[in-house]
Amino acid sequence: MMRRQAKITTISGTVEGVAVKDLEMSEPLIIHAMEGSAAFSVGVQVEYEAEVTYDDVANGSYDSEEGDWAYLPTKNETVEEMDEFEVEIIIQYDPEDELDKPDAITVDCSIGQDFPVTVQPTDLELK
């Protein structure tokens with residue numbers, strides 16, 4: 001009997017919850033500033049934990065004749081990740097308003113990307 005090893009590199013799953021553990025930001029760089037608004041770019045490094053549920057293919061049973069899983073359990077894990085990206089922050093205000101009023105300044109933040117969550121690959125023996 002010939003045996004081959006395969007490494008699973010992509011597993012689909014769902015993220016149940018995310019908790020930020022650490023957040024570091026670089027000095028903001030002014031992209032543009034004019035009367036009433038300013039835009040900044042800030043480098044961000046975030047460490048976070050995610051509760052992940054995914055198909056446990058290492059402990060499932062695949063029916064090659066049917067081309068589908070006969071039994072496919074799920075697995076729950078907490079994974080820790082770190083990601084770095086740029087954030088654009090836009091500050092808007094009415095130059096004629098008093099800036100000490102609570103609603104005088106509007107701040108919008110755009111990340112423009114999803115956070116990756118990685119589960120370590122599993123060795124799966126194929127027979």
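Shown in residue order for the range 82-97 are the 3J(HN,Hα) couplings computed by the Karplus curve 6.51 cos²θ - 1.76 cosθ + 1.60 at θ = phi - 60°: 9, 9, 10, 7, 9, 10, 9, 10, 10, 10, 10, 7, 8, x, 8, 7 Hz (x for Gly and Pro).
Set the Förster distance to 35 Å, then compute FRET efficiency between V44 and E16 from the Cβ-Cβ distance, nearest 0.05. Intermediate results must be reported in sequence, preceding the final value.
Working: r = 23 Å, r/R0 = 0.67.
With a Förster radius of 35 Å, E is 0.90.
Can you check what the net charge comes to around F40, using other residues whose Cβ is under 12 Å from the Cβ of F40 (Lys, Arg +1; Asp, Glu -1)?
Once all neighbours under 12 Å are counted, the net charge is -4.
Figure legend: label point modelled 7 angstrom from the Cα of D94 along Cα→Cβ; residues of the range 10-45 with amide N under 19 Å from it are 34-38.
Per-residue 3J(HN,Hα) values for the range 41-49, derived from phi via the Karplus relation 6.51 cos²θ - 1.76 cosθ + 1.60 with θ = phi - 60°, read 10, 10, x, 10, 10, 10, 10, 8, 10 Hz in sequence order (x marks Gly and Pro). Near N76, once Lys and Arg are set to +1 and Asp and Glu to -1 for all other residues with Cβ below 11 Å from its Cβ, the sum equals -3. Residues in the range 27-33 carry Karplus couplings, in order, of 5, x, 10, 6, 7, 7, 9 Hz; the curve used is 6.51 cos²θ - 1.76 cosθ + 1.60 with θ = phi - 60°, and Gly or Pro positions show x.
Rule-based calculations on the coordinates, nothing more; no lab input. These numbers come from a predicted model, not from an experiment. Counting neighbours? That spans all protein chains shown, and the Cβs are built from the backbone with ideal geometry, glycine included.
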